[in-house]
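Notes follow once the structure below has been shown.
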Amino acid sequence: MNQAIQNARKGSTIILIAVFGKMANVDLAKLNDSELDLNTSMMYRHEDFVDAIKFVNEGKIQLKPLQSARFAFKDYQKAYEYIDANRETTMKVIIDVDPSEE
């Protein structure tokens, strides 16, 4: 969250969709100084998916950097072991379910 606040342009809107297990520490002074709007939601809406697909198609969002690792379906146990071993740095782990890879 602090990375979003530190890197957002003045006047931007930050959308936080998350569920937190504990109290989050954020830089409210920077949020205020940069005149940022922070909107939150715990769940996705249909419009969110439509916007996300549009942004990906327009090249405004790059998905590759969000992928921490990729595993074949047959290696799903290794995928979960990877997640457990790298909790602090793992964003998204992809488990391919393409049956042609089995």
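Residue count for region 27-39 satisfying the condition of being surrounded by fewer than 11 Cβ atoms within 10 Å (Cβ to Cβ) and within 22 Å of Met91 (Cβ to Cβ): 1. Say whether the condition of being open to solvent by 100 Å² or more (accessible area, probe 1.4 Å) and touching a helix residue (DSSP H, G or I) at 6+ places or on another chain (Cβ under 9 Å) is met by at least one residue in region 56-66. Yes, because at least one residue in region 56-66 is open to solvent by 100 Å² or more (accessible area, probe 1.4 Å) and touching a helix residue (DSSP H, G or I) at 6+ places or on another chain (Cβ under 9 Å). Looking only at residues of region 48-88 that are of a type outside the set (A, V, I, L, M) and part of a strand (DSSP E or B), we find that the one that is farthest from the chain's Cα centre (by Cα) is Phe71. For residues that are under 30 Å from Met1 (Cβ atoms) and touching an Asp or Glu at 6+ places or on another chain (Cβ under 8 Å), scanning just region 70-89, find the one that is surrounded by the most Cβ atoms within 10 Å (Cβ to Cβ). So the residue we want is Phe71. A search for C-beta distances below 8 Å between a residue of region 27-49 that is more than 14 Å from Asn2 (Cβ to Cβ) and modelled with pLDDT of 95 or more and any residue that is assigned to a strand (DSSP E or B) and open to solvent by 60 Å² or more (accessible area, probe 1.4 Å), counting only pairs 6+ apart in sequence or on different chains, returns Asp37/Thr13. The set of residues in region 90-102 being open to solvent by 90 Å² or more (accessible area, probe 1.4 Å), in contact with a strand residue (DSSP E or B) (Cβ under 6 Å, 6 or more places away or on another chain) and not in a loop (DSSP other than H, G, I, E, B) consists of Lys92 alone.
Tallying residues that are under 21 Å from Met91 (Cβ atoms) and either open to solvent by less than 80 Å² (accessible area, probe 1.4 Å) or touching a Gly at 6+ places or on another chain (Cβ under 9 Å) (or both) within region 13-26 yields 6.
The values are calculated or read from the model by the stated rules, or taken from the named source; none is laboratory data. Nothing here was measured: the structure is a model prediction, and the numbers come from that model. Positions of Cβ are generated from backbone atoms using ideal geometry, with glycine treated the same way; all protein chains shown enter the neighbour counts. SASA here: full protein model, heavy atoms, side chains in, ligands and nucleic acids out. Shrake-Rupley method; radii C 1.70, N 1.55, O 1.52, S 1.80 Å.
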